1. Segment 24-80: D in µm²/s via Stokes-Einstein (Kirkwood Rh, Cα pairs, 25 °C, 0.890 mPa s)?
2. State in Å² the accessible area per residue of segment 106-226; use a 1.4 Å probe, count heavy atoms of protein chains only, and round to the nearest integer.
3. Give me the one-decimal nm value for the distance between modelled label points at Asp24 and Arg311, 7 Å along each residue's Cα-to-Cβ direction.
4. Using 7 Å Cα-to-Cβ label points, what is the Thr62/Asp280 separation (nm, one decimal)?
5. If I stretch the segment between Leu91 and Ala165 completely, what's the gain in nm (0.36 nm per residue apart, minus their alpha carbon distance), one decimal?
6. Quick check: the distance between the Cα centres of segment 1-29 and segment 69-148, to the nearest angstrom?
7. For a quick size check, give me the Cα extents of segment 93-187 along its three principal axes, largest first, whole Å.
8. Given a 1.4 Å probe and every protein chain left where it sits, what share in percent of the accessible area of the chain is carbon and sulfur?
Amino acid sequence: MSDYVSLRGLTISYGNTVAVPSLDLNITKGELICLLGPSGCGKTTTMRAIAGLLTPTSGSITIDGRDVTRVSPARREVGLVFQSYALFPHLSVYENVAFGLRLKKATDIDAKVKSGLGTVGLSDFAGRMPAELSGGQQQRVALARSLVMEPKVLLLDEPLSNLDARLRLEMRMELQRIQRETGVTMVFVTHDQAEALALADRIIVMRGGRIEQQGSAEEIYNRPATSFVADFVGFETILPQPDGTALAWRPSAVVLGSGPHKGTVRGVSFAGERREYVLDTQFGQITAEVPATEPTHSVASVISFDLPRDRAVTVGCTE
């Protein structure tokens, strides 16, 4: 498939600070990608550049074969859904969705609004005000408002972070359904690895404004390329090796209660079906998790553990 969105040598600076240094990224039509990483990694800056809210210091941005590097946000055919939803509190759901269409002087506004509300499952809420909606419903209104504009690319900036755990799960499934039904190209920005793993066709892990690794959810989760990526996707024990690589274990891969090593229990917490331990060891701090049905070890007790080589992944050491 050909590139639908293309960033070439994208550089974004704030004074003497380079937030994104010469980024190259290609996105195919209909793809849902997640820009994943901690605060300050450049993911939101990259998304805002695609939206036209930031002007690159150098490089280019192409959407559907058109260079939009210096094109205003309103003329890019890009939709943007904010973390805060940004609904107009004095307008009904219907009028919120219709707002952009009216500015554009679009035809068939009523049909488009009704279709958009149907897509997000809010056909019966057209007359409601934003204050009368739940957080998840407000998020759906924001999605409908962008979708009715028929954007070439839909950008979502941490859109689930204000929702509780149950609503986040529901909205993940809704986003997948909407993307599948509409075929719109989506760029989803998040710091939550669970969201990225659940949603994305492809995950772009960013660090310092650069791409640290990209691949499918399975590739990122099971085969992290560097210690930075490994740590970010849940490999909590990472031990450097003399050859410049590192071995990484998930908490579930650490054997607790037997093995050649000893550790002192620093902390223990109950997490439903499992119990999580933090140990002080000769290797530093080790995190392990075991089924909650196993006997409990108390804080300050000394227990045996093992780090089986066959349960580790080998990654490159990150400075």
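The values are calculated or read from the model by the stated rules, or taken from the named source; none is laboratory data. Owing to the predicted nature of the structure, the values given are computational and were not obtained by experimental measurement. Note: ideal-geometry Cβ built from the backbone for every residue, glycine included; neighbour counts use all protein chains shown. Please note that ligands, DNA and RNA were not included when accessible areas were found on the heavy atoms of the full protein model with its side chains. Shrake-Rupley method; radii C 1.70, N 1.55, O 1.52, S 1.80 Å.
1. Values: Rh = 12.3 Å.
Value of D from the Cα-based Kirkwood radius: 200 µm²/s.
2. On the way: 5250 Å² over 121 residues.
Spelled out: the 1.4 Å probe surface of segment 106-226, per residue, equals 43 Å².
3. 4.0 nm
4. Going from the Thr62 label point to the Asp280 one covers 5.8 nm.
5. Working: separation 74, 0.36 × 74 = 26.64 nm, distance 2.81 nm.
Length difference between fully extended and current span is 23.8 nm.
6. Taking the Cα centre of each part, segment 1-29 and segment 69-148 sit 28 Å apart.
7. 39, 30, 20
8. Values: 7420 of 15150 Å².
The value for the chain is 49 percent carbon and sulfur by accessible area.
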